[in-house]
Each structure stands twice: as structure tokens, then as C-alpha cells.
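The values are calculated or read from the model by the stated rules, or taken from the named source; none is laboratory data. Just so it is clear, the model here is predicted, and its values are computed rather than measured. So basically every Cβ, Gly included, is an ideal-geometry build from the backbone, and we count neighbours across all protein chains shown. To get the accessible areas, we keep the full protein, side chains included, count just its heavy atoms, and leave off ligands, DNA and RNA. Shrake-Rupley method; radii C 1.70, N 1.55, O 1.52, S 1.80 Å.
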Amino acid sequence: MVDPIFDYQFRLILIGDSTVGKSSLLKYFTDGKFAELSDPTVGVDFFARIIEVQDGTRIKLQLWDTAGQERFRSITKSYYRNSVGALLVYDVCNRSSFEHIPLWMMEAKRHIEPHRPVFALVGCKIDLVGTDNKSGARREVSCEEARMFAEENGLHHVETSAKTGLNVEEAFVLVAQEVYNRIQTGEYKVENGWDGIKTGFNRPNGMDFNLLEAETVQSTCC
Amino acid sequence: MPTSDSEDFESADEGHGSPVKKERKKRLSSSNYSDNALETDQKSHNTQNLTNSLNKSVEKEGTDGWDDFEIDENEPVSLNVPPSATKVEKKDTKVTNEETMIKESKKSQDTGWDDFDDWGDDEYCSNIQKTEPHKTQSHSLQPDPDIKAVTDRLAAASTGGSSAGWGWGWSVDSLLSTATAGFTNITSQVSQGISTVLETSIGAPDPEELARRNIKEREDESKTSKEESLTPKEVPENKEKDNGEAFQFGSLLSGVTKFVETTSTKVISGGLDTLETIGKKTMAVLEDGDPGLAKKRALLGLGTGDKPVLSQVLREAKAKADEEDKIKEEKREAKEVHYENLFDDFEGLVHLEALEMLSKQVSMRIEERLSGVASEKRQDMKETLQQVAELCEMPEEDDDDEEPPSEDMSKPDVLHERLQTATQDLGLKLQFQPLVKQYKEVLDYVTSDSEATVKAIYKRAVSGLAQATALSVEQYHKAAEMLLVKTRRSTADEADALTQMTVVLTKHISELATLFTEKLNSLPADNKAQTNNYITNIFLEAGNSSTYIQNAFQLALPILQIGAV
């Protein structure tokens, strides 16, 4: 159970091909653990964790871990709408998972409309790169081309490992901080009938505009 | 030679220290940092400049390295007169080691380091020299032959007595300086008569009498009081040192100083009285019409508001922090027993919400299908939908159809079996383990002998119900998702299975509520009303839980229906 006190709740959705490591990423982020084997996600699973953005505001991240399998595609579409952020997840050792990223992004944009979510491009399984292991994994997506794609589309980019924990925290904090910054600038608002951003138990009467605008976090990659 | 030397010395002093080290370090480690090309390049450029100039100065001397610099340092020191040598030495303390310092101090003195007597005499002589100008000044101001004679004799005696020894020399020295200071004061204010007294009463002057005689004159001469006030400071020292060895001078001087002491005390006390009076008057004027000086303080910016006391600020900050903690704790406490929040924390709410999203989307699809078919077929479809809805109506409460659980099965296992039996026609693999595990935990809790407060049990009950409900709602959500991707549907079986599951789950919730209320009732009741209140709340939350479960079931209805049309 998470610590009950928070100021905001952001709903983030993780999308991407199956087996790229969405659930493992979330498991590490919320539990600090890595599971070698895990069942494929059915529909959507939920994770939650409270983090603090730069000015100390407590944010509960409600994380929607969608199934990557094709057969759940029609279901997962229904879950996009109330998300304020989307993590586009690919496997750095799986070329096609990266090539599908534009499709995932378009899908997310279409279903989240009229809202404009914060996107992040997250490469997984970076720990497999450069290791001559039995699975014979090697990098199929260079950091440069991923970053280039991210820059062209105005996304944050980060490469992670749910095994070593590298950049896992950063990936989520990056998105949370960006969402928070957009609240500060007035681009995002708490709205009735939209659950992308909710106020927490701590602040039942709407937003506090006295909070200072926070600085943007710099991506740490490449 | 000395000028050019010192110039070289200066530049070397500026240049050598760290740049040389840096340069050496760089040379040693440059290969290691070759990849940091840009940064290192810039640094090396700077260092190059420094070392270039350094090398120039070093070349001029035709040598390089640390040892040469040390020699350089010593040179000006030995050439200069001692005082300036000390200055140089101080400037370069950081690079000079102790040895050099000792060497230098040895050089600065013609005699040896350990020759204590001589060294002491040197010091002593310089003191005499220092006091001499004082003496002459006082003579020129008031050339009094008698006093001059006395001081001359004193000076002569002390100079001559220097050979008498170490301790004696010191004592005379301090006596003398005290005496001279004393004389300065006396000569500037005291008339001829006093000097006569001084002259005649060598050995035993009466200070009290002296004071009495001249009290009027002294009080008039207020401008000298400052000068006099300095003297008493030296008096106690003088007294201590006066061991009587210095034949008659001792008593003479003690008489003089005592006289000075008495006088100054009187002058000071008189002055203080005056100051006090002035101060009081001033305060009275200032405070006139402004009690406590509040306005004037504010005017001068001295008010407490402008300049808060630190301790006050800290106290306020602490009080504020305590208050915030208290509020936070209260909120936490309130949330701990707040069913909806707990339900949310166990992901119940979000599963319900996700299920609702699916339900709405599927309902829309059903509507589309209805509007897309011919009117007579539409009626058939509507009937089918209605039939499915009827299948999903909750059966009347009757407990006769339930088999009594076999004796060798634990309660959690019984629950698991019932759930599996209920859902076997669903054709899905639902995960009931979390529900079973939670049931086990609750059973362990209520059967344990550990002392728990009524409040703690109540909290655990609310949390337990919220968790069980959340896990139940998750089953409907998962079932709905899997049904939607199922290739071959059998709506009637599915509807029946979900209905059975709902029956088992709502019964399970009642069972949990009963377990907790029994636990509460088993406790010795200190506050029966409070306990009853908690028991009522637990049953209310159990009812709440059942409602959530049945709502979830109803949300799943369109998912069942769409399989039939």
C-alpha cells in the first residue's frame, strides 16, 4: 500500500509491443525488483507509486500497464483516454518494437484527444547490450537514432534496464516533472470528467497557484 | 645584486608553488586523460604560460627546483636588517620549513639562541629606551628639577641594577614604567608642593594626606582624568612585582601609585554619578509621552517587528512545523480508516473504472449493432439482451443449496474451491490466489492471541474489507477483458458462472465482517458504546463492499451480452 498523502495524481499509460519490458519496468519502479519470468499482461494492470517533483510536491503516479499482445489491442484502446502521460516503450535489442513506436504514438494521440499528453520514449533491456550471453541479444536500435526520433517528435528519451535499475526512476520522474511543469504554466488543468490529473487527499480544493514554477529535468542519455 | 635577486625571488614566489606541481602532475598523468582533450588543452595552455614565465625566471638563475628557491629565500633574509627579515619570513611562511625559520632567527641575532641572560638584557634595554622619551616629554612640559632628579636616579639605578639578575631586572623595569607613567600625570597637574612631599617623604609618603590636600585642584582638572584612568590598570601588577628587594623605591612607588589609584577612583565615581544623572534625565525626556519608547523604537527601526529575536523565530517555526505535522497525521489517520481511500489504494477503484470504460465501449458497440439491423431482427436482439440480463439477476438468498464444507479442508481452501466451482463454466483462467491469501491473513489475525485495541481491530476490519472488495472487483475486470478476447462465447454459461461467483464473493465479504465483529465482541468491553459503534460500521462497510461487487458484476453485463448478439 502506498503512502496516502499526495498532492496530485497523474495517470500514465505504458504502451508498446509485447515483451519489450513494460511490466518489468513498472515492477522495478514500484517494487525495486526484477522478475526473470513473468506472465504476459492481460488487458491492463495497475501500479502506483508516489514521487516528489523538484519543489517537493508529492505526486501519486497511477500507472496503467497495458498488454502489448495484438489480441488485446481493441481493449487497451479504451484505456487511453484518461492518461496525461504516455511512455512509449521499446526493446533496444528488438528493431521492430522500435519501428512500431510511431504507430503506438499515433494511436495514443488519437485516443487521448483533445488532451495532449506528455510522451516519453523509453528503451528497455539496455543491460543486454554488449553482453555475449546465451540469448544472443545485441543492440538493434542505436541511442542516436532513438534520440533523433525523440527530438523530431518532441519527446523525452531515455534508455533503461529493469534488471540493473538504470534510468528506471528517471524515466518516470521525467514525465511526472513535465506534467507538473505544464500544470504550473496553466497548460494542464484539473477537469471534471477527465482523470488524467486529479488532486490528492492533501489538497481537496483545487490547485495551489502559489507554487513556484519548477525547472525542467534534463534527460540523461547518450 | 640584492635588487635583482629579490626581483627574481618575487617572480619565483608567484610562479612556483602550485603551477610547478600542476605541470608535473600534468606531465605524469597526461596520458591518462588524453580523451578529455578539449578541457585539458585549455588547462595546459594556461599552465604553459605560467610555466613559461616560471622557466624564464628559473633560467636566469641557471638552476631550477625547490632547493634553489629555499636558498633564494634565505638570501634576502640574511642581507637585510632583522626587522625586515622577519617581515619576509612571515610572508613566506607557507613555503619555509621550521628549520629555515630557526636558521633565520639565529642569523638575526649576533649572539646564540640559548644565551638567555643576554637576550633578556636586550629586551630590557629596549624597554628603557622606550620609556626615556616619555620622561623627557614630561620634563619639557614642566621642568621640575626635583622630579627630574628622582627619575634620573631611578633610571640610573635600574641601568646599573641590570647586572643584579633576571628577576630583579624585570621587576625594576615594570616598576619604572609604571612610575614614569605616574609621574607624567602628576607633573601635568600637581603643584610644587607635591614634589616637595615626594622628595621629603621617600620611604613613607602618606597617600591619604596627599589626596586630601589636592582634592580640589584635581577635581577641576577633569581633562586629565582619562589619562589617569589608564594608570590603575598597571597598579596591581606593580604591587605584585614589588617584592621589596628594590630598596627604597618600592615604598616610594607604591605610595605614588596608591595615591593615583585613590584619586582616579574618586574622579571616576564622581564622573559616573554625573553620567547617571544625565542619563536619567535624557530617558525622562525621551520617554515623555512615549512610555516604553515604543514609538521612538519603531521610528529608529529598532522595533521587535523589524528585528525579530532569533529564538522567537525558531519557536514560531517549530510551532508551525508541529501544527503541520499534526494536521498531516490527522489526515493520515483519517485516511487509514477511510474505506474509499483504502479501496483506491488496493487498486479497487481503478479496476472498477477500467471495467466501466470497457462496459461503456461495449455498450456503444451493442447500440451500433442494434441500430444496424432490420427492425424485426432488432426485436430479437433486444430479447436476447434481456434474457442475458435476467440470467445475471442475483438469486434469492437461500442457503439450503450449499454443501457443508468437508472437515479436512481449511477455510481458505474452501473459498478457493467454491470460486473455482462457480467459475468453471466461464472458460477462463482467473487468478483467485490473492483473495485466498488475504482470507488466510484475516483468519490468522482474528485467531491470534495478540493484544489488539478495539480501534486497531476496527481499522484492520475496514482495510480487510476494502482489500477483499478490490481483489473481487479485479476479478470482474479481468474476466471482462478475457471474455472480450475469447474466441468462442457461450453467454448463458458465462452469465451463470459470473452470477455464482458474485454469490460466493458477497458471502465471503459477510464472512469477513463476521470474523472482525466476533473479534471485537470477544474483547473485554471498556467502552461498549464505542465497540457497538465500530461493529455497526463494519457491517455498513461490508454492505458497501457487496454493493461494489454487484456493481462490478452489472458493469460486466454488456460484455456478456455482446457475446450473444
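Side notes on the structure shown:
- Modelled FRET efficiency - R0 60 Å, B:GLN386 with A:ARG138, Cβ distances, 0.05 increments: 0.55
- Accessible area in the full protein assembly, largest first, 1.4 Å probe, for A:GLU191, B:GLU474: A:GLU191, B:GLU474
- Residues of segment A:32-53 whose accessible area (probe 1.4 Å, heavy atoms of protein chains only) drops by at least 30 Å² once all protein chains are present, relative to their chain alone: A:VAL42, A:PHE46.
- With protein chains left intact and a 1.4 Å probe, residues in chain A average 45 Å² of accessible area per residue.
- Sulfur and carbon atoms: percent of accessible area, segment B:419-552 [1.4 Å]: 48
- Using a probe radius of 1.4 angstrom, the carbon and sulfur fraction of the accessible surface of segment A:56-134 is 50%.
- Dipole of chain A [Lys/Arg +1, Asp/Glu -1 at C-beta], most positive-end residue of A:VAL53, A:CYS93, A:THR19: A:THR19
- From the C-alpha gyration tensor of segment B:474-565, square roots of 5λ in Å: 38, 10, 9
- Based on protein heavy atoms only, segment B:433-565 ends up with 40 Å² per residue of surface accessible to a 1.4 Å probe.
- At R0 = 41 Å, FRET efficiency that the Cβ-Cβ distance of B:SER490 and A:GLU152 yields, to 0.05: 0.25
- Near A:THR199, the amide H atoms lying under 5 Å from its own belong to A:GLN9; only residues 5 or more places off or on other chains count, and H is placed 1.01 Å from N.
- Beta bridge orientation in segment A:1-143: antiparallel %, DSSP, nearest 5: 35
- Helix content alone sets the calculated 222 nm mean residue ellipticity of chain A: runs of n ≥ 4 DSSP H residues at -39500 (n - 2.57) each, divided across all residues, give -7500 deg cm²/dmol.
- Considered as an equivalent ellipsoid built on the Cα gyration tensor, segment A:1-159 has semi-axes of 24, 19, 17 Å, the largest given first.
- Relative contact order, percent, segment A:24-98 [alpha-carbon distance under 8 Å, six or more residues apart]: 22
- As a length-normalised measure over Cα pairs under 8 Å and 6 or more apart, the relative contact order of chain A settles at 25 percent.
- Efficiency of FRET between B:THR514 and B:GLN554 - r from beta-carbon atoms, R0 35 angstrom, step 0.05: 0.85
- Semi-axes of the equivalent ellipsoid for segment A:1-93, Cα gyration tensor, largest first, Å: 24, 16, 11
- With a cut-off of 9 Å between beta carbons, the residues surrounding B:ASP425 carry a summed charge of -3, where Lys and Arg count +1 and Asp and Glu -1.
- For B:LYS280, neighbours were defined as the other residues whose beta-carbon sits under 12 Å from its Cβ, and their charges (Lys and Arg +1, Asp and Glu -1) total -2.
- A:CYS93 contributes about 20 Å² of solvent-accessible surface, heavy atoms of the protein only, 1.4 Å probe.
- Look at the stretch A:5-11: the mean tally of other chain Cβ atoms within 10 Å of its residues' Cβ atoms is 1.
- Taking other residues whose beta carbon is less than 13 angstrom from the beta carbon of B:ASN551, and scoring Lys, Arg as +1 and Asp, Glu as -1, yields -2.
- For segment B:314-399, the extents of the C-alpha atoms along the principal axes are 81, 41, 15 Å, listed from largest to smallest.
- Exercise: per-residue mean of other protein chain Cβ atoms within 10 Å, B:484-492: 2
- Panel note: the C-alpha atoms of segment A:66-125, placed on their principal axes, show extents of 33, 25, 15 Å (largest first).
- Estimated buried accessible area (total), pair B and A, 1.4 Å, Å² to nearest 100: 2300
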